[in-house]
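The values are calculated or read from the model by the stated rules, or taken from the named source; none is laboratory data. None of these values were measured; they are calculated from a predicted model. Neighbour counts are summed over all protein chains in view; Cβ atoms, including those assigned to glycine, are modelled from backbone coordinates with ideal geometry. For the accessible areas, the whole protein counts, side chains as well, though only heavy atoms, and no ligand, DNA or RNA atoms are used. Shrake-Rupley method; radii C 1.70, N 1.55, O 1.52, S 1.80 Å.
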Amino acid sequence: MPEEMPKEMSEEMKVADQRDTASIPSLEDMQHWTWVMGRAQQMMLEHGLHTLDDTPALPTIPGFTDKATMARAQEFWLDSMKLWQRFLDPAATPAATESPEHAHDRRFQAPQWHDNPVFDWIRQSYFLIADHLLRSVEAIDGIGPHQKEQLRFATRSFVEAMSPTNFPATNPEVLERTIETRGENLLKGLANMLADLGKGQVTHTDSGAFEVGRNIATTPGKVVHRTPVYELIQYTPSTAQVTATPLVIFPPWINRFYILDLRPEKSFVKWAVDQGLSVFMVSWKSADASMKDITWDDYVTAQIDAIDTIRDALGVESVHAIGYCVAGTTLAATLSVLAARDQAAHVKSATFFTAQVDFARAGELKLFVDDDQLALIRKLSPDGFLDGRFMAATFNLLRGRDLIWNYVTNNYLLGKDYVPFDLLHWNGDTTNLPAKWHLSYLTDLYRDNLLVQPGALTIAGTPLDLSRIKTPAYVQAGREDHIAPAESVWNLTRHLQGPIRFVLAGSGHIAGVVNPPAAGKYQYWTNETLGDTLGDFVAGATETKGSWWPDWIDWLKAHDPETVPAKRARVPGKGKLKAIEDAPGSYVRAP
């Protein structure tokens, strides 16, 4: 039997219990004091507004004592008090209707965020503060559009970083997981975070799940040509007949080429080969110190070299060409050079995947081309090339909620295993960029928009003039593209003079392109009349469910109905171009 508590100690504890009980306010007290604080705040704000009206000589400080700012502050505090009152007495204070954006925010889909009053209040408080912060940016006057956009981007990034989902103490899922695993999730998450710090980038997928040449980039073929800048891969035909005019694909050198040759069921390359095309792929070299003097001229020259190499090897007059993203921009320059040299016939058709030539409305990447950013790139490139992790971080920032904070929550706080995902494996497989090219690209195109000014840029002494391009073109844009906005891509149609087919695809910069027909995902829009704006195009467009790839292959074959046997030079290594090694080659594996 436990020892009896001394009488004097028992009395002291009883008094303490009574004192503690008395110190806890009742619901009515809390509601009363909430009303008092809210009314006092309202009175002060109203007095401040009246003072501004009654005392014109009082100095007005924009953003602090001007009427609009005071009114926004009053609105914020009133909304805060309403939210607090709903938390204290939900039955007496109906909840406000949430915006669709907040109601469907995937960060807060767990039932704990809605069922638990405390975490529901935290969630709604976050939305309230976020909305007011973002609205306050829109209300700022006296700054230019570029500065406003920078401030908008910085504010949104701050708001995303401060989400309660990103902190253990304010995330109910993390708290439950921590109790359930006795803290093992935090230790595992710490290990994940330290590993990412060690390699200098956020991990998005299981690093051991994919290997180039083993289960991605596996379409059969040979490297048949190699230069200090690129390797040329020729793929093995899978049909008895192939189109007479071969296809060469120029992927962006900001990433590895195999975004178009992921797992076989998602591979654009394999699909194109199976459609009876003679397919060649350029695999760019990841920059090192030997490429410190590489400029845009060298990439245009490399595209022309690849075109001429294929023409000579197969004995054909022309090729079909695809340019993806920055390589599409470069393809436009290549076509301009060929037109100026009376060699336009070397390219029978040109396809542009999410490519821009007019950078006036090029989206949020324009925020990274001010003097400070350019100076930082110079400092980060002492050996003449920019580490690819810098560009990866930049692109991740553009979608911070999905590509940064989602992984902070799931893999650092919840300690979850990484999910195998081929597209995200590619996204993390960074390439280095020649610093001289990168700086000139940002300044000449993103900042100064020189490509659309005839004669403002030259390639190997040849002035560029996009209006000379009369090559039939297929222009594809992604409706939700955050890297090459659809409206900016559409502007390409205003500068080309040949017949154009424009297609607006569902989804964004990657998923909008890599959308195999078998997946049955998304949709695309077509319109035989381009119109004067993207809005005009969309207004009269026809929506088709699924992938746009079949539309493209029909368009391409309409320009090239002739076929030839898939023999001799159409087989890698059997013609003038001898096999150097099996696809996917060496450059794609280089650091």
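A few remarks follow.
- Residue list for region 168-187, restricted to those being free of Cβ contacts under 8 Å to residues at least 40 places away in the same chain and not small (Gly, Ala, Ser): Leu175, Thr178, Ile179, Glu180, Arg182
- Filtered residues of region 279-304 (kept if of a type in the set (S, T, N, Q) and either in a helix (DSSP H, G or I) or open to solvent by less than 10 Å² (accessible area, probe 1.4 Å) (or both)): Ser283, Ser286, Ser290, Thr301, Gln303
- Residue in region 241-262 that is open to solvent by 40 Å² or more (accessible area, probe 1.4 Å), modelled with pLDDT of 95 or more and under 10 Å from Val282 (Cα atoms) present: no
- Test for Gln497: is it more than 27 Å from the chain's Cα centre (by Cα) and either assigned to a loop (DSSP other than H, G, I, E, B) or within 29 Å of Asp422 (Cβ to Cβ) (or both): yes
- Test: residue in region 483-499 that is closer than 23 Å to Lys545 by Cβ and without any contact (Cβ under 8 Å) to a residue 40 or more places away in the chain: no
- Residue selected from region 441-455 under the condition farther than 17 Å from Gly328 by Cα and in contact (Cβ under 8 Å) with a residue 12 or more places away in the chain, by the criterion least open to solvent (accessible area, probe 1.4 Å): Thr443
- Test: residue in region 288-297 that is over 20 Å from Val588 (Cα atoms) and among the charged types (D, E, K, R): yes
- In the set Asp532, Asp554, Asp536, Asp560, only one residue is buried (at least 17 other Cβ atoms within 10 Å of the Cβ) and acidic (Asp, Glu); that residue is Asp560.
- Contact map, region 109-129: first residue outside any helix (DSSP H, G or I), second residue not polar (S, T, N, Q), Cβ cut-off under 8 Å, separation 6 or more or different chains; pairs are Ala110/Pro172; Ala110/Glu173; Asn116/Pro172.
- Lone qualifier among Leu445, Leu439 - being part of a helix (DSSP H, G or I) and more than 20 Å from the chain's Cα centre (by Cα): Leu439
- Residue match in region 483-500 (condition: in contact with a Gly (Cβ under 6 Å, 6 or more places away or on another chain) and open to solvent by less than 60 Å² (accessible area, probe 1.4 Å)): yes
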